[in-house]
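Notes for the one structure printed next.
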Amino acid sequence: MVDPTKFLDAGVHLHGHTCEAMLLGLRAGAAAMNRLGAERSAEAELLAVLEVGKDERGRCVADGVQTVTGCTLGKGNVQLLPGTPLSLTLVDRATRRAVRVTARVDASSTPTDDAAADALRLFRAPERRLLSVSEEFEYRPRTGGDGARAERIDTELTAVKAARKRGR
């Protein structure tokens, strides 16, 4: 069971401040991993597809998700898409099992002293108040537009993973 509180300090360190949106990303990532029964991604075992909208809150959520899931832009297993509501689809690449986590709250990204205290109160709220977590489903990348990019990323990750196995 992934405990998002264990990633709180690392998330703040990566993100640079405490805000509701980054903490919501920690909670969303942990909820998705727990529903899938997945471990943190050391290589490219997981794929995080984030619908983050066009404002800064989505990028803050993405930092939280990267911290807890181990999916990173650098490893190429994070995809950012415009879209609302803020949501995460976390995919176990080996099995294609996936879950979608959608925010039920409108999180702030404002880094003030009062906002940090409010963010921590929100972080401790029951999951059902913050997030909607789907049942598992089979992941199928969308086709065309951003979906073509998702398919390309998935293909590239498969090639990288195979090359790493051959090199070991």
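Given the conditions (1) more than 10 Å from the chain's Cα centre (by Cα); (2) crowded, with 16+ Cβ neighbours inside 10 Å; (3) of a type outside the set (Phe, Trp, Tyr); (4) in a helix (DSSP H, G or I), report the number of the one that Thr67 does not fulfil.
Here Thr67 clears every test but (1).
If Asn34 satisfies all but one of (1) modelled with pLDDT of 95 or more; (2) out of contact with any helix residue (DSSP H, G or I) (no Cβ under 8 Å at 6 or more places or on another chain); (3) over 19 Å from Leu131 (Cα atoms), what's the number of the condition it fails?
Result: Asn34 passes all but (3).
In this structure, does Thr18 turn out to be over 21 Å from Arg140 (Cβ atoms) and not in a helix (DSSP H, G or I)?
The answer is yes for Thr18.
Output the number of residues of region 75-92 satisfying the condition of being part of a strand (DSSP E or B) and of a type in the set (D, E, K, R).
1
Of the numbered conditions (1) β-branched (Val, Ile, Thr); (2) over 20 Å from Glu127 (Cβ atoms); (3) part of a loop (DSSP other than H, G, I, E, B); (4) touching a Lys or Arg at 6+ places or on another chain (Cβ under 8 Å), Val105 fails exactly one; give the number of that condition.
(2)
State all residues of region 47-82 that are farther than 23 Å from Asp3 by Cβ and in contact with a Leu (Cβ under 9 Å, 6 or more places away or on another chain); if no residue qualifies, say none.
Correct list: Val49, Glu51, Val52, Gly53, Arg57, Gly58, Arg59, Leu73, Gly76, Gln79, Leu80, Leu81.
The values are calculated or read from the model by the stated rules, or taken from the named source; none is laboratory data. What you see is a predicted model, and the numbers here were worked out from it, not measured in a lab. Reconstructed Cβ throughout: ideal geometry from the backbone, glycine too, with neighbour counts over all protein chains shown.
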